[in-house]
Structure formats: C-alpha cells, structure tokens
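Notes follow the structure.
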Amino acid sequence: MKLPRALRDVFLLLARVGLGAVFLAHGLQKFVSNGMGATAEGFAAMGVPAPTLAAWFAALVETVGGAALILGALTAVFGVLLAINMIGALLLVHLPNGIWVTDNGYELVLALAAGALALAAAGAGRFGVDAVLGKRSAGQVAHVREAVPAGR
C-alpha cells in the first residue's frame with residue numbers, strides 16, 4: 001500500500017525534525033557542554049584515531065547536519081554524512097559492547113545511521129527547503145526554455 005503524498009510528506013517532516021533534533025543536540029553537546037578539548041580527550045580514551053580531527057568532524061556534521069535535516073536542506077548530502085559519522089562511531093567505539101545502549105552498545109548509533117540513510121534516500125518531502133529550491137530551479141529551467149526559441 002502506498003501512502004497518500006500529503007501523509008508521506010508529513011511523516012518525512014516528523015522524521016527529519018525528530019532525527020535532526022537528536023543530531024543537533026549531540027553536536028551542540030560536543031561544542032558547548034563538553035567543549036572540544038574534553039570531547040577530543042574522550043575520543044582518545046575510546047581509542048578513536050586522530051581524536052581531535054574526529055571530534056571536530058563529529059561535532060560539525062552533527063550540528064550542521066542536524067539543523068539541515070530539521071530544515072530539509074541538502075537532505076541527501078547530510079543524511080549520508082551523518083550516517084558515515086554514526087557508522088564510524090559504531091565500528092570504532094560501540095560494536096564491541098554489544099547492541100544495548102545501556103552497555104555503551106551500538107543500538108542508538110545504528111538507529112541514527114539507518115534513519116539518516118532512509119532520509120537521504122527518501123528526500124525531505126514537500127515541507128523542506130530542498131522542495132522549495134527544487135521548485136524554484138524547475139521554474140527557472142522552464143522559464144529559460146520558454147525564452148529560447150525552438151531550434152537554437
């Protein structure tokens with residue numbers, strides 16, 4: 001059964017806002033609550049290679065990517081970047097601990113990666129910046145086609 005378009009767009013909006021809020025909170029936590037020095041130290045203690053670079057990458061991707069998902073802007077790009085970030089966390093930190101988040105396992109990072117990939121594949125829906133810019137671009141292309149005589 002295929003969902004009606006309006007319902008699909010509402011579900012994509014809710015998924016984007018929910019997932020984006022989690023990513024945004026985690027990114028801001030690295031910058032504000034912990035500070036980048038403490039975040040890098042934490043990454044080093046967990047055995048993450050290049051912990052300072054990894055901390056900055058994670059903080060930036062989670063903060064900017066989370067905000068972008070909420071807005072529905074560059075959803076495919078940030079969905080993939082956020083999934084890569086979470087897959088890195090899964091492989092480098094959480095996998096040896098099993099699945100349960102209470103044991104520092106990979107439950108949350110796997111769910112976040114899957115959700116980010118699903119949004120990258122599905123897109124932002126009609127209620128996002130991507131849709132607005134897509135309509136504008138499509139309108140500009142149509143306008144240019146009308147202005148250029150056939151055969152040129």
Report task. Look through 67, 113 and report the one residue that is buried (at least 18 other Cβ atoms within 10 Å of the Cβ) and part of a helix (DSSP H, G or I). Result -> 113
Requested in this report: Answer yes if at least one residue in segment 85-92 is surrounded by 14 or more Cβ atoms within 10 Å (Cβ to Cβ), touching a residue at least 40 places away in the same chain (Cβ under 8 Å) and touching a Phe, Trp or Tyr at 6+ places or on another chain (Cβ under 7 Å), and no otherwise.
Outcome: no
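Quick check: is even one residue across segment 32-54 within 30 Å of residue 131 (Cβ to Cβ) and surrounded by 20 or more Cβ atoms within 10 Å (Cβ to Cβ)?
No, there is no match, as no residue in segment 32-54 is within 30 Å of residue 131 (Cβ to Cβ) and surrounded by 20 or more Cβ atoms within 10 Å (Cβ to Cβ).
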Requested in this report: Starting from segment 27-54, keep only residues that are more than 21 Å from residue 112 (Cα to Cα), then list their pairs with residues that are loosely packed, with under 12 Cβ neighbours inside 10 Å and of a type outside the set (A, V, I, L, M, F, W, C) whose Cβ atoms are within a distance under 9 Å, requiring at least 6 positions of separation or different chains.
Outcome: 52/37
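Where a number appears in this text, it was derived from the coordinates with a stated rule and is not lab data. These numbers come from a predicted model, not from an experiment. Heads up, the Cβs are rebuilt from the backbone with ideal geometry, glycines too, and the neighbour counts pull from every protein chain shown.
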